1. So what is the calculated 222 nm ellipticity per residue for the chain, using -39500 (n - 2.57) for each DSSP H run with n of 4 or more, over all residues, to the nearest 500 deg cm²/dmol?
2. Gain in length, Lys198 to Ser158, computed as 0.36 nm per residue apart minus the alpha-carbon separation, to one decimal in nm?
3. Just to confirm the number: angle between the C-alpha axis of helix 168-178 and the first principal axis of the chain, 0 to 90 degrees, nearest 10?
4. What shape does segment 78-178 take by its C-alpha gyration tensor, where a ≥ b ≥ c are the square roots of the eigenvalues and a/c under 1.5 counts as rounded, a/b above b/c as prolate, and the rest as oblate?
5. Set the Förster radius R0 to 45 Å, insert the Cβ-Cβ distance between Lys207 and Ala115 as r into 1/(1 + (r/R0)^6), and round the FRET efficiency to 0.05.
6. Placing unit charges on C-beta atoms (Lys and Arg positive, Asp and Glu negative, everything else neutral), compute the dipole magnitude of segment 78-178 about its Cα centre in debye, rounded to 20.
7. State which entries of Lys134/Lys264; Lys134/Lys207; Lys207/Lys240; Lys169/Lys198; Lys120/Lys240; Lys162/Lys266 exceed 32 angstrom in Cα-Cα distance in the structure shown.
8. Once you put a point 7 Å from the Cα of Phe130 and another 7 Å from the Cα of Tyr276, both along the Cβ direction, what distance in nm separates them?
Amino acid sequence: MGEQGVRSTKKAAKRATGAAAETEVPRPAKQSGKPTKRSSKPAKQESHLAMVRRARRINRELAEVYPYAHPELDFRNPFELLVATVLSAQTTDLRVNQTTPALFAAYPTPEDMAAAVPEKLEEIIRPTGFFRAKARSLMGLSAALRDDFGGEVPGRLSDLVKLPGVGRKTANVVLGNAFGVPGITVDTHFGRLVRRWKWTEQEDPEKVEAEIAAIFPKSEWTMLSHRVVFHGRRICHSRKPACGACPIAALCPAYGEGETDPEKAKKLLKYEMGGYPGQRLSPPPDYPGSPAPPLGAG
Ligand code: SF4
């Protein structure tokens, strides 16, 4: 088991960190120099083929910007990734990473977690929010792993989604990153960005997954998911996308939805792009940012 696709080249890493350090950001082809708002004229209809080509180009550009894209949850085995992903609902990966060291020290295996005293488990995972429901899911899925799968996390989607508290999104995270099985993870960032880019108009995550899967070869699915989520967390935020600091602005139909002034946009960048720590306490060796602080360290 290993974390898939944590790749790095010096050149690309330099380019990625440079997005924060400099303001040399490609601009859309028809832009003058001044920040622009989106035109009120109806845009020319893009053919499906042109959209697919543009989508694949965005993926290639993002691969250059984030060669180190990776799951931002700390984990050492499939069970830890499964648990961490369940805990990540409605909270940040950083908060989960700050919580799981104590959790896995107390309950390292499904057998241990299934036999936990609920109140003790709840107390440990309390910082991640919704801790009672999450504790029920963790104990339920641990019992199912113990009773139905010999204490091992299964490597098939159809088995994973039967576990309590595990949906398609969680299953794809585990398959893609703990088993090397290609999967598209449609979380809130992924859905928002692919709609901004007009790769799909679907709102339902399963339909989004199916439409995006048809655009890219399977071999790209897992890393595409990481790159898109990285971009959503660092640059293309929900409320204030940093369009003026966005390396794929020239390919984006939603350019101008956020701040287009390069200097102001730079201030909106997050994590390593903005010069701050990432979300992992134990990031991969080639990660250009710095590790996040443990719980209670500020
Ligand atoms: S909306 Fe703005 S920040 Fe998001 S991808 Fe488009 S240009 Fe980049």
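Each value in this text was obtained by applying a stated rule to the coordinates, not by laboratory testing. This is a predicted model, so every value here is computed, not measured. FYI the Cβ positions are ideal-geometry reconstructions off the backbone, even for glycines, and counts take in every protein chain you see.
1. -14000 deg cm²/dmol
2. Difference between extended and current length: 11.4 nm.
3. For helix 168-178, the angle is close to 90 degrees.
4. oblate
5. So the FRET efficiency works out to roughly 0.70.
6. Working: 11 positive and 11 negative charges, 82 e Å.
I would put it at about 400 debye.
7. Numbers: Lys134/Lys264 39 Å; Lys134/Lys207 26 Å; Lys207/Lys240 26 Å; Lys169/Lys198 21 Å; Lys120/Lys240 39 Å; Lys162/Lys266 44 Å.
Check vs 32 Å cut-off fails for Lys134/Lys264; Lys120/Lys240; Lys162/Lys266.
8. Those two pseudo-labels are separated by 2.3 nm.
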